[in-house]
1. With the structure loaded, tell me whether Gln44 is touching a helix residue (DSSP H, G or I) at 6+ places or on another chain (Cβ under 7 Å) and at pLDDT 90 or above or whether it fails that test.
2. Is it the case that Lys23 is at pLDDT 90 or above and either under 30 Å from Pro153 (Cα atoms) or exposed (fewer than 15 other Cβ atoms within 10 Å of the Cβ) (or both)?
3. Is it the case that the stretch 64-72 has a residue that's among the aliphatic types (A, V, I, L, M), touching a strand residue (DSSP E or B) at 6+ places or on another chain (Cβ under 7 Å), in a strand (DSSP E or B) and not assigned by TED's automatic domain parsing to the domain that holds Gly192?
4. So which residues in the stretch 217-235 are surrounded by fewer than 19 Cβ atoms within 10 Å (Cβ to Cβ) and more than 19 Å from the chain's Cα centre (by Cα), if there are any at all?
5. Against the definition (at pLDDT below 95, closer than 22 Å to Asn138 by Cβ and touching a helix residue (DSSP H, G or I) at 6+ places or on another chain (Cβ under 7 Å)), how does Arg63 come out, yes or no?
6. Only one of these is modelled with pLDDT under 90 and either of a type in the set (Val, Ile, Thr) or out of contact with any Pro (no Cβ under 9 Å at 6 or more places or on another chain) (or both): Ser134, Ser226, Ser200, Ser187. Name it.
7. Within the stretch 24-54, work out how many residues are in a loop (DSSP other than H, G, I, E, B) and either out of contact with any strand residue (DSSP E or B) (no Cβ under 6 Å at 6 or more places or on another chain) or of a type in the set (Phe, Trp, Tyr) (or both).
Amino acid sequence: MSVKVKDWVYGIHPVMELLRSGKEIEKVFIQKDLSSDGLEEIKQLLRDRSVQYQLVPLAKLNRMVPRNHQGIIGLQAPVNYWEVESLLPQIYEKGEDPLFLILDRVTDVRNFGAMLRTAECLGVHGVIFPSKESALINSDAVKSSAGAIFHIPLCKVSSMEKVVRYLQSSGLKIFACTEQGSDFIESADLKGPCALILGSEEDGISNYLLKNADQLLRINMKGKTSSLNVGAAAAISLYEITRQRNIG
């Protein structure tokens, strides 16, 4: 994980004030067995705000910030997150068919950033991803996205299953791009309101999302290699959606 020192907020009181400020926070790292005044208040603030935190060895904190961090470091997000329930009505009000990209446990920050760039270029209205087991939104993500991260709404959610059900109840079809797909992506009708799910680099899309998807799609490949990088799969799939929408 590569993060510039300027991305970090460190020290008991600075992290406490960051939590109180209401600003977006990616994650907080706390030294194992840390005993300090204010630590319990920080943990309560973390719980109240549903901010992910991790207990780590002192050596890891020293590698992150070689300064007096007092055993606690927070990573402030470079963007503000959207609520899906607030974003979706705005898209419909514009008279547009919503298109969302759902990234299920994509942890590689460069892949994540590259997909944000692709999504923004191809007219995706928002990118949805889980609050846990996902890439950190940091300076590497900004760089990999070529700045597109500032031009596309990001929605960090606590329950992927719940957000999929909400999208379906709001008129969106949910397509999952997976090697398990029975239909080629170009054969599906992708012109209406929809969301595309892509899964983690290691084990693909979660079973519960596969079960809740309206259709499982796969990319038509001719070579001997059995799978594509998730970023390449996103580019091909989103282009096909855009192509179909452009020809009406």
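1. Values: touching a helix residue (DSSP H, G or I) at 6+ places or on another chain (Cβ under 7 Å): no; at pLDDT 90 or above: yes.
Judged against the criteria, Gln44 is not a match.
2. On the way: at pLDDT 90 or above: no; either under 30 Å from Pro153 (Cα atoms) or exposed (fewer than 15 other Cβ atoms within 10 Å of the Cβ) (or both): yes.
Taking the combined requirement at face value, the residue does not satisfy it.
3. Checking the stretch 64-72: at least one residue is among the aliphatic types (A, V, I, L, M), touching a strand residue (DSSP E or B) at 6+ places or on another chain (Cβ under 7 Å), in a strand (DSSP E or B) and not assigned by TED's automatic domain parsing to the domain that holds Gly192.
4. Once the filter is applied, which keeps residues that are surrounded by fewer than 19 Cβ atoms within 10 Å (Cβ to Cβ) and more than 19 Å from the chain's Cα centre (by Cα), the stretch 217-235 yields Arg218, Ile219, Asn220, Met221, Lys222, Gly223, Lys224, Thr225, Ser226, Ser227, Leu228.
5. On the way: at pLDDT below 95: yes; closer than 22 Å to Asn138 by Cβ: yes; touching a helix residue (DSSP H, G or I) at 6+ places or on another chain (Cβ under 7 Å): no.
Judged against the criteria, Arg63 is not a match.
6. Working: Ser134 fails: modelled with pLDDT under 90; Ser200 fails: modelled with pLDDT under 90; Ser187 fails: modelled with pLDDT under 90.
Step by step, each of Ser134, Ser226, Ser200, Ser187 is checked, and only Ser226 is modelled with pLDDT under 90 and either of a type in the set (Val, Ile, Thr) or out of contact with any Pro (no Cβ under 9 Å at 6 or more places or on another chain) (or both).
7. First, the residues of the stretch 24-54 that are in a loop (DSSP other than H, G, I, E, B): 24, 32-38, 50-52.
Applying the additional criterion that residues be either out of contact with any strand residue (DSSP E or B) (no Cβ under 6 Å at 6 or more places or on another chain) or of a type in the set (Phe, Trp, Tyr) (or both) yields 24, 33-38, 50.
Within the stretch 24-54, residues that are in a loop (DSSP other than H, G, I, E, B) and either out of contact with any strand residue (DSSP E or B) (no Cβ under 6 Å at 6 or more places or on another chain) or of a type in the set (Phe, Trp, Tyr) (or both) number 8.
Condition check ((1) of a type in the set (Gly, Ala, Ser); (2) in the same structural domain as Cys177 (by TED's automatic domain parsing); (3) over 15 Å from Leu238 (Cβ atoms); (4) at pLDDT 95 or above) across all residues:
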| residue | (1), (2), (3), (4) |
| --- | --- |
| Asp104 | no, yes, yes, yes |
| Phe112 | no, yes, no, yes |
| Gly123 | yes, yes, no, yes |
| Ala141 | yes, yes, yes, no |
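The values are calculated or read from the model by the stated rules, or taken from the named source; none is laboratory data. These numbers were taken from a predicted model, which means no experiment stands behind them. Note: ideal-geometry Cβ built from the backbone for every residue, glycine included; neighbour counts use all protein chains shown.
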